[in-house]
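> Please find one structure pasted underneath; my questions will follow.
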Amino acid sequence: MIRVLVCDDQALIRTGFATIIDAQSDLEVVGECADGRAAVDLAAKLRPDVVVMDVRMPVLDGIQATRLLAGAGVAEPVKVLVVTTFNLDEYVYEALRAGASGFLLKDAPPAQLLHGIRTVSTGAALLAPEVTRQLVGRYAARIRPTDGGASADTPLTPRELEVLRLIADGRSNSEIAATLVISQETVKTYVSRILTKLDLRDRVQAVVYAYRRGLVT
């Protein structure tokens, strides 16, 4: 059973999400709240598998709450799916930088919300490779290091670096397999090793890492 915490300052939307989620045999709403501070406190108490998080809320907004729940340095991070009415690249970018595993708009059909929760709960990122490429590429100048450094000090092997660059280029596992002439299972193994060695949660974080290290431009 996937345990979900719903955080939105609009009671109608909160109730709607909870109703949709609770109707699923594999999902359970364990709590609801109306602001980011309450989300952080409830998550610590309830330990949900996924937090469905709005962006614009009182007391503490969704971006700040996400950073406290899933950001760098959090001892026991919680997976966060940001769902908002605001289709602004800045929000997507900041949410992912804060540690969110996915991003959806509130006008997405219920099936997409449910798919998003299930996807994020497995540790996968919700954004498709082409969306990741477009988004992070647009903000590459802001997340690349000022001192350069490229592949220096990375624990990755040359082959793993090659796979990481392809991930950062927005390639799917099948595309990486075709490019390197290896099997998809081998690609999955490489991806797993990369995430483990770099202590990254998912492919989105891997892309950000690659841009920060100047491995891609």
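> Limited to the stretch 164-217, what total is found for residues that are among the aliphatic types (A, V, I, L, M) and within 27 Å of VAL74 (Cβ to Cβ)? Walk me through how you get there before you give the answer.
Going through the stretch 164-217, the residues among the aliphatic types (A, V, I, L, M) turn out to be 164, 166-168, 176-178, 180-182, 187, 191, 194-195, 198, 200, 204, 206-208, 210, 215-216.
This time we only want the ones that are within 27 Å of VAL74 (Cβ to Cβ), so: 164, 167-168, 191, 194-195, 198, 200, 204, 206-208, 210, 215-216.
Summing the residues that are among the aliphatic types (A, V, I, L, M) and within 27 Å of VAL74 (Cβ to Cβ) in the stretch 164-217 gives 15.
> Separate question: Determine whether THR19 is under 19 Å from ALA108 (Cβ atoms) and surrounded by fewer than 21 Cβ atoms within 10 Å (Cβ to Cβ). If you could, list the steps in order and put the result at the bottom.
Values: under 19 Å from ALA108 (Cβ atoms): yes; surrounded by fewer than 21 Cβ atoms within 10 Å (Cβ to Cβ): yes.
It is true that THR19 is under 19 Å from ALA108 (Cβ atoms) and surrounded by fewer than 21 Cβ atoms within 10 Å (Cβ to Cβ).
> Any residue that is crowded, with 19+ Cβ neighbours inside 10 Å and modelled with pLDDT of 70 or more - is there at least one of those in the stretch 127-142?
no
> Moving on to the next point. Give me the pairs, please: first residue somewhere in the stretch 89-113 and at positive phi, second residue anywhere and in a helix (DSSP H, G or I) and of a type in the set (Lys, Arg), beta-carbon distance under 8 Å, and either six or more positions apart or on two chains.
Pairs that qualify, where the first residue is at positive phi and the partner is in a helix (DSSP H, G or I) and of a type in the set (Lys, Arg), are GLY99/ARG67.
> A further question on this structure: Just to be sure before I move on: is GLU28 of a type in the set (Asp, Glu), at pLDDT 95 or above and crowded, with 19+ Cβ neighbours inside 10 Å in the structure I sent?
Here the answer is no, as GLU28 does not meet what is asked.
> Also, I was wondering about something else. Go through GLY73, GLY31 for me and flag whichever is among the small types (Gly, Ala, Ser), in a strand (DSSP E or B) and farther than 19 Å from LEU105 by Cβ.
GLY31
> Tell me, yes or no, whether the stretch 100-117 has at least one residue that is in the same structural domain as ILE194 (by TED's automatic domain parsing), at pLDDT below 85 and outside any loop (DSSP other than H, G, I, E, B).
no
> Take VAL52 and decide whether it is at pLDDT 95 or above, of a type in the set (Val, Ile, Thr) and not in a helix (DSSP H, G or I).
yes
> Then there's this: List every residue pair whose Cβ atoms lie under 7 Å apart, where the two residues are 6 or more positions apart in sequence or sit on different chains, the first residue falls within the stretch 28-42 and is closer than 15 Å to ILE117 by Cα, and the second residue, located anywhere, is of a type in the set (Gly, Ala, Ser).
From residues that are closer than 15 Å to ILE117 by Cα, the pairs are VAL29/ALA18.
> Would you check which residues across the stretch 184-217 are small (Gly, Ala, Ser) and part of a helix (DSSP H, G or I) and list them?
Let us first name the residues in the stretch 184-217 that are small (Gly, Ala, Ser), namely 192, 206, 210, 214.
SER192, ALA206, ALA210 - these are the residues of the stretch 184-217 that are small (Gly, Ala, Ser) and part of a helix (DSSP H, G or I).
> Let me ask you something else. Any residue in the stretch 38-45 that is farther than 17 Å from TYR91 by Cβ, in a helix (DSSP H, G or I) and among the β-branched types (Val, Ile, Thr)?
Checked against the condition, which is being farther than 17 Å from TYR91 by Cβ, in a helix (DSSP H, G or I) and among the β-branched types (Val, Ile, Thr), the stretch 38-45 yields at least one hit.
> Residues being surrounded by 20 or more Cβ atoms within 10 Å (Cβ to Cβ) and under 17 Å from LEU96 (Cα atoms): count how many of those fall in the stretch 168-201.
Total meeting the criteria: 2.
The values are calculated or read from the model by the stated rules, or taken from the named source; none is laboratory data. These figures come from a predicted structure and were not determined experimentally. Don't worry about glycine lacking a Cβ; one is built from the backbone with ideal geometry, like all the others, and counts go over all protein chains shown.
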